[in-house]
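Have a look at the structure below, then the notes.
Every number in this text was worked out from the coordinates using simple rules, so none of it is lab data. The model shown is predicted, which means the values in this text are computed figures rather than measured ones. Glycine gets a Cβ as well: all are built from the backbone with ideal geometry, and neighbour counts include every protein chain shown.
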Amino acid sequence: MAPGRGTAQLFSAGSVPTALFPSTSPSDRDPPRPEVYPVPSALITGITGQDGQYLAEFLHSMDYDVYGMIKGQQNPRAEIIKTEMPYVELVSGDLQDLSSLIAVLEYTQPDEVYNLGAISFVALSFKQAELTANVTGLGVLRMLEAIKLVGGADNPIRFYQASSSEMFGKVRETPQNEETPFYPRSPYGTAKVFGHHTTVNYRESYGLYACSGILFNHESPRRGIEFVTRKVTNAVARIKLGLQHELVLGDLSPKRDWGYAGDYVKAMWAMLQQDEPQDFVIATGRTHSVETMVELAFKAAGIDDWRDYIRQDERFMRPAEVDLLVGDCSKAKEILGWEPEVDFEQLIAMMVENDMALESAKAGRQA
Ligand code: GDP
């Protein structure tokens, strides 16, 4: 069992969570874990994604054995994990294949399963709707079924489902909290709603310790380039370095509640350490338009005449848009003691700085 389990509140309200989430090596922590203490283990699906990587680092810092599920024989992204996180043991499995999930659980015997694997890009989900429903939606059902079968009676496996603010879609109220009705606007959103309700249903039907974290958009230097924040910070860096001359975007008016992924994975873990499984909204409570984000990114690079570089194109517009998201994470604050540490301005500055370094290094290599 993981350290800290059964504690109602993991962070005292207003405290600095880093005290509870040590950046020091496990051996520096106090009190030291006795030799006989069983090492907790976690299985992460979606290990090669942004959240999978932050979560693996975080769990490793707390002395977990970390397994990452990976799909396919020649997955090129596996190399990143092997190189940068050699402590993660990669295991082969696919959210589309129940028997592979059973085999992965039997081999890893995890205390905790974090289901982060998904077709997660909303724009792509419109083009590959059936695949999205299968992986992002039915994949949750398959993993829960596998946990039910492998964990047996008094099931010891705790399950985290990566639910999404995209489930709120055409929002029914503002801000959105755990009670806000869903109104998804994309195949991704509808698949996530299925995964969310399935998680609740397995908790209620079979007594599984299953939680759903409804996370609002969360970004970082590790964010995929297809998502708007990273697309923008990368383009800003390239424009600043004279490597690119325009930035082509879709709708600039949608508003999002953007937080830092490194903060959000801590909330995932905290959800699995409570006495009772529950669902939580994780958000910053602040919202900004895409346009404001673009302006901020350019300004972080010292470019004021940013509008001169922007062109809009239908290609990046969606069949249905989510206009406004802003989350109310009071429940997480109160019960988990969780609060975001990195604010929006710091996040965008961090991403621009990282892309400046990456792009200048790349340009240097090519020169
Ligand atoms: P999402 O909230 O999960 O869809 O995250 P994204 O980062 O993909 O998109 C956030 C918002 O930015 C959405 O409302 C998009 O329509 C909008 N947007 C505007 N231009 C672009 C673009 O070029 N790429 C992406 N990914 N989003 C864009």
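Okay, here's what the table says:
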read-out: Of all DSSP beta bridges in the chain, antiparallel share, percent nearest 5; value: 5
read-out: Pairwise label distance in nanometres, Phe121 with Met317, each label 7 Å out on the Cα-Cβ vector; value: 2.1
read-out: Peptide ranges 176-183, 322-329, 300-307 listed from the most packed, as the mean C-beta count within 10 angstrom indicates; value: 322-329, 176-183, 300-307
read-out: 5 angstrom amide H check on Gly327, placed H, neighbours 5+ away; value: Gln176, Thr284, Gly285, Arg286
read-out: Gaussian network model of the chain, Cα within-10 Å springs - most flexible of Gly68, Gly169, Gly242; value: Gly242
read-out: Charge-dipole axis of segment 39-366 as Lys and Arg at +1 and Asp and Glu at -1 on Cβ define it, positive-most pick from Met350, Ser330, Val294; value: Val294
read-out: Choice from Asp343, Asp94, Asp257 showing the highest fluctuation, given a GNM over the chain with Cα pairs closer than 10 Å; value: Asp343
read-out: Rounded to 5, the percent of DSSP beta bridges in segment 181-327 classed as antiparallel; value: 20
read-out: Segment 39-366: relative contact order as a whole-number percent, Cα under 8 Å and 6+ apart; value: 17
read-out: Count of lysine pairs in the chain with Cα separation under 18 Å (8 or more residues apart, or interchain); value: 12
read-out: Three-way shape label, segment 287-332, alpha-carbon gyration tensor, a/c 1.5; value: oblate
read-out: Segment 60-113: GluC sites (Glu not before Pro) in DSSP coil with no more than 16 other Cβ atoms inside 10 Å; value: none
read-out: Dipole magnitude of the chain about its Cα centre (Cβ charges: Lys, Arg +1; Asp, Glu -1), debye to nearest 20; value: 720
read-out: Segment 189-302: relative contact order in percent, alpha carbon pairs under 8 Å with at least 6 residues between; value: 34
read-out: The chain, helix-only ellipticity at 222 nm - DSSP H runs n ≥ 4, -39,500 (n - 2.57), divided by all residues, nearest 500; value: -11000 deg cm²/dmol
read-out: Tensor-based shape of segment 150-262 (alpha-carbon gyration tensor, a/c under 1.5 rounded, otherwise prolate or oblate); value: prolate
read-out: Within a Gaussian network of the chain (alpha carbon springs, distance under 10 Å), most fluctuating of Glu204, Glu295, Glu314; value: Glu314
read-out: Globularity ratio of the chain, using Cα Rg and 2.2 N^0.38 Å; value: 0.98
read-out: Cβ-Cβ FRET estimate between Gln244 and Glu341, R0 fixed at 30 Å, reported to 0.05; value: 0.40
